[in-house]
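Visitor: Encoded as C-alpha cells, here's the structure I'll be asking about.
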Amino acid sequence: MHVVTKTSSRQPTFMVRDVPIYGDLILSPMAGFSDLPYRLIARDFGSAMGYTEFVSVDGLLHGNEKTRRLLDFHPSEYPITFQVFGSDENKIVEACKKIEPWGPTIIDLNMGCSVAKVSGRGAGAALLCEPAKIGRIFARLSKELSVPVTGKIRLGWDHQSLNYVSVAKTLEDNGASLVAVHGRTKAQAYNGVADWSAIAEVKKAVKIPVIGNGDVKCVADIKRIKEQTGCDGVMIGRAAIGNPWIFSRKDRHEVTLEEKAALIRRHFALMLDYYGDYGLILFRKHVVKYISEIRGAAAMRESFLTATTPEYFISLLEEAEAEHRQLKAA
C-alpha cells in the first residue's frame, strides 16, 4: 500500500507497475548524500522519485537502529523507494518483507555498488556474477511483496563479463517493474566513460521502464542521454551534489550566489533539525560542493570544513555574501 500526497492531471512520464511517475529526472541513491534532508530539497527542485541510501539487509534483520533510520522519509517524498543490499537471497527476501509495512512505494535491490566492502562480500555488483540467483530473488520478491520491486545494475563485473542485457531480461522475466542501469562495470567504479550505448541496448531488450545513469553532468547531458538511449528517466548522482538546480534543468553556473546562500541556509537548517548538532559535521561535505564555483571558494573551503558551531558556520556564509556584494559593487 502506498500513499499519494500529490495528484496531477498530467499524464505520467512512465509507470512503475501501477505507480505513476511524473517527471524524468531522479536523484540517485548515494551513501552519505541521498539522506532525508537532501532528498526533500531534490524533490522540490524536480526529482520525480525518492530513493533512500542503500541499507544492509543484515542490519535490518538485526534491528540496527542506525540502519533503520536510513529508511526515514517524509510523506511529501512519495513515490518513495527503499533500496537494500545483501548477498543471501533468503535474508534479502526476509528483510524486504520486514520493511514493506514501513510504507515504501517501491523496493529496489542494489546490484551496482562497486565498493569492496559491499561487492567483496557478494552483495552489490557481485550479484551480477550470479544471474540465476538474481532471478530467484526477484521471482520471490515479486510474489511475496505487494509493492513493485526494481533493480539497479551495472554493465557487469568487468569488460570480460558484460551481461547487462541478460540480467535486465532476467529481472523483467522474474517480476521486476523497472531497471536502472549505470553505464559502467564494477571494475571501472567511477573511472572511464559511461557507455550509454549499453543502456540503449537494455532499453531495446525489455518492456519495463529503463532509467539511464552515468556521466550526466549538465543539462545538455540530460537531453543527450535520453536521445541516445531512449531511456524513460535519467538518474543523476555526483552532479547533483551541491547542485539540486539540475533537476530544474538549470546548470550550476547559472545559479547566483544569492540563490546558493539561501539554499545553503535551508539545507543546513534541515540537517540540524534532523541530525541535531551532528548535522553540522555531515553538512560540511555538501557545502564545499555548493561553493565550488564561487570566487574565492578555495580559501573558504578550509574554514567551512573546520567550523565547529552552527553560529560560526553561518557567520562564514555571511562573510562570503558580504565579500561578493563588495565585488559586485566595485
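Visitor: With G59, G46 as the choices, which residue is of a type in the set (G, A, S) and over 22 Å from A116 (Cβ atoms)? Lay out the reasoning, then the answer.
Guide: Working: G59 fails: over 22 Å from A116 (Cβ atoms).
Selected residue: G46, the only one of G59, G46 that is of a type in the set (G, A, S) and over 22 Å from A116 (Cβ atoms).
Visitor: Let me ask you something else. Can you pull out every residue in the range 189-235 that is free of Cβ contacts under 8 Å to residues at least 24 places away in the same chain, more than 16 Å from the chain's Cα centre (by Cα) and assigned to a loop (DSSP other than H, G, I, E, B)?
Guide: N191, G192, V193, A194
Visitor: Out of all the residues in the range 214-238, which are within 22 Å of D173 (Cβ to Cβ) and either buried (at least 16 other Cβ atoms within 10 Å of the Cβ) or polar (S, T, N, Q) (or both)? First the steps, then the outcome.
Guide: Going through the range 214-238, the residues within 22 Å of D173 (Cβ to Cβ) turn out to be 229-233.
Residues satisfying the conditions are T229, C231, D232, G233.
Visitor: Moving on to the next point. Any residue at all in the range 186-199 that's closer than 23 Å to P79 by Cβ and either assigned by TED's automatic domain parsing to the domain that holds Y78 or of a type in the set (D, E, K, R) (or both)?
Guide: Restricting attention to the range 186-199, the residues satisfying the condition of being closer than 23 Å to P79 by Cβ are 199.
If we keep only those that are either assigned by TED's automatic domain parsing to the domain that holds Y78 or of a type in the set (D, E, K, R) (or both) too, we end up with 199.
Yes, the range 186-199 has at least one match.
Visitor: Can you tell me which residues in the range 239-253 are at pLDDT 95 or above and in a helix (DSSP H, G or I)?
Guide: Matches in the range 239-253: A239, A240, P244, W245, I246, F247, S248.
Visitor: If you take just the helices (runs of 4 or more DSSP H) that sit entirely in the range 37-151, which of them hold at least 3 residues that are surrounded by fewer than 22 Cβ atoms within 10 Å (Cβ to Cβ) and touching a residue at least 24 places away in the same chain (Cβ under 8 Å)?
Guide: Working: elements: 57-61, 65-69, 89-99, 116-119, 131-144.
Of the helices (runs of 4 or more DSSP H) lying wholly inside the range 37-151, those with at least 3 residues that are surrounded by fewer than 22 Cβ atoms within 10 Å (Cβ to Cβ) and touching a residue at least 24 places away in the same chain (Cβ under 8 Å) span 89-99, 131-144.
Visitor: Against the definition (without any contact (Cβ under 8 Å) to a residue 60 or more places away in the chain and either in the same structural domain as A239 (by TED's automatic domain parsing) or on the phi < 0 side of the Ramachandran plot (or both)), how does A307 come out, yes or no? Can you show your working first?
Guide: Details: without any contact (Cβ under 8 Å) to a residue 60 or more places away in the chain: yes; either in the same structural domain as A239 (by TED's automatic domain parsing) or on the phi < 0 side of the Ramachandran plot (or both): yes.
Here the answer is yes, as A307 does meet what is asked.
Visitor: Only one of (1) over 30 Å from W157 (Cα atoms); (2) modelled with pLDDT under 95 fails for K285. Which number is that?
Guide: Here K285 clears every test but (1).
Visitor: A follow-up question, please. Collect the residues in the range 53-68 that are charged (D, E, K, R) and out of contact with any Ser or Thr (no Cβ under 7 Å at 6 or more places or on another chain), keeping them in residue-number order. Working first, answer last.
Guide: To start, the set of residues in the range 53-68 that are charged (D, E, K, R) comprises 53, 58, 65-66, 68.
Passing the criteria: D58, E65, K66, R68.
Visitor: Further, regarding this structure: Inspect all residues belonging to the range 260-273 and state whether any of them is under 16 Å from R295 (Cα atoms) and of a type outside the set (A, V, I, L, M, F, W, C).
Guide: Taking the range 260-273 as the starting set, the residues that turn out to be under 16 Å from R295 (Cα atoms) are 260-261.
Now narrow it down to the ones that are of a type outside the set (A, V, I, L, M, F, W, C): 260.
Yes, the range 260-273 has at least one match.
Visitor: I've got another one for you. Which residues, counting only those in the range 285-322, are exposed (fewer than 15 other Cβ atoms within 10 Å of the Cβ), under 25 Å from the mean Cα position of the chain (by Cα) and in a helix (DSSP H, G or I)?
Guide: Matches in the range 285-322: K285, L305.
Visitor: Does the range 68-117 hold any residues that are under 17 Å from the mean Cα position of the chain (by Cα) and of a type in the set (V, I, T), and which are they? Break it down stepwise before answering.
Guide: We begin by selecting, within the range 68-117, every residue under 17 Å from the mean Cα position of the chain (by Cα); these are 69-74, 76-85, 104-115.
I80, T81, V84, T105, I106, I107, V115, listed by residue number.
The values are calculated or read from the model by the stated rules, or taken from the named source; none is laboratory data. Everything quoted here is computed from the prediction, not taken from an experiment. Note that each Cβ is placed from the backbone with ideal geometry, even for glycine, and that neighbours are counted across all protein chains shown.
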